[in-house]
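Worksheet for the structure shown next.
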Amino acid sequence: MAATLDDEKPWKVDLARRSAQRRDEILRTIEQLIKAAPSFEEALAQVVDHLKKRFARFAAVTAYVADGEDLVVHTALERPTGPERVWSGGGPLADAAQGHVPTLVPDLAGQPAWAGVGLATGSALVAPIRTEAGLWAILEIWSDLREAFTVQDVRFVEKVATALARKTPAVAAQD
């Protein structure tokens, strides 16, 4: 009896296709929400709400906004207890916000610094929302499961962050 490769299983291919279609549909809805929102802050709150409702494995979704030298919680849905304000000059959230692409932490238990911001177990995905003017906000998505996020999730969240960046006052002033 010959072993079957996972790629040869039609139900797996169909499941992956459906998952991709669902992500694309959710992304289109989020982009419409962002465009229709009267402000960046309202768009950010709507995105957090929509992400939490549409993805069951997202145990918590939090948006932080840059406030001087700090990152301040703007909207949080079901986030474990943590500080409302963290210094943007250091720590795991600040480190994750330094780049232009999302940061994936597949196992928070192996990263003790995350306990300081309230996340000691599971996994996290953090996406900076940046413009030419700098960091405006970050999206933090937490799952209570280790290795809960896929490469497709990282790409999806990056597209969401890019759409939000286009709504910031810095970009709106350029248009």
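If we scan the stretch 45-65, do we find a residue that is touching a Phe, Trp or Tyr at 6+ places or on another chain (Cβ under 9 Å) and over 22 Å from Val117 (Cα atoms)? So far as the stretch 45-65 goes, no, none of its residues is touching a Phe, Trp or Tyr at 6+ places or on another chain (Cβ under 9 Å) and over 22 Å from Val117 (Cα atoms).
You will find that of Asp95, Asp70, Asp107, the residue that is out of contact with any Pro (no Cβ under 6 Å at 6 or more places or on another chain), open to solvent by less than 60 Å² (accessible area, probe 1.4 Å), free of Cβ contacts under 8 Å to residues at least 40 places away in the same chain and among the charged types (D, E, K, R) is Asp70 and no other.
Identify the residue in the stretch 73-85 that is closer than 11 Å to Gly118 by Cα and in contact with a strand residue (DSSP E or B) (Cβ under 6 Å, 6 or more places away or on another chain) and, among all such residues, is least open to solvent (accessible area, probe 1.4 Å).
Restricting attention to the stretch 73-85, the residues satisfying the condition of being closer than 11 Å to Gly118 by Cα are 79-84.
If we keep only those that are in contact with a strand residue (DSSP E or B) (Cβ under 6 Å, 6 or more places away or on another chain) too, we end up with 79, 84.
Details: Arg79: 40, Glu84: 120 Å².
Only one residue tops the list, namely Arg79.
Inside the stretch 58-67, can you point out the residues that are in contact with a helix residue (DSSP H, G or I) (Cβ under 8 Å, 6 or more places away or on another chain) and either surrounded by fewer than 19 Cβ atoms within 10 Å (Cβ to Cβ) or closer than 14 Å to Glu84 by Cβ (or both)? If you could, list the steps in order and put the result at the bottom.
Pass one, the stretch 58-67, residues in contact with a helix residue (DSSP H, G or I) (Cβ under 8 Å, 6 or more places away or on another chain): 58, 60-65.
Thr62, Ala63, Tyr64, Val65 - these are the residues of the stretch 58-67 that are in contact with a helix residue (DSSP H, G or I) (Cβ under 8 Å, 6 or more places away or on another chain) and either surrounded by fewer than 19 Cβ atoms within 10 Å (Cβ to Cβ) or closer than 14 Å to Glu84 by Cβ (or both).
Checking each residue in the stretch 98-125 for being within 16 Å of the chain's Cα centre (by Cα) and among the small types (Gly, Ala, Ser) picks out Gly99, Gly122, Ser123, Ala124.
The values are calculated or read from the model by the stated rules, or taken from the named source; none is laboratory data. Being a predicted model, the structure only gives us computed values, none of them experimental. Counting neighbours? That spans all protein chains shown, and the Cβs are built from the backbone with ideal geometry, glycine included. Just the protein is used for accessible areas: all its heavy atoms, side chains included, with ligands, DNA and RNA removed. Shrake-Rupley method; radii C 1.70, N 1.55, O 1.52, S 1.80 Å.
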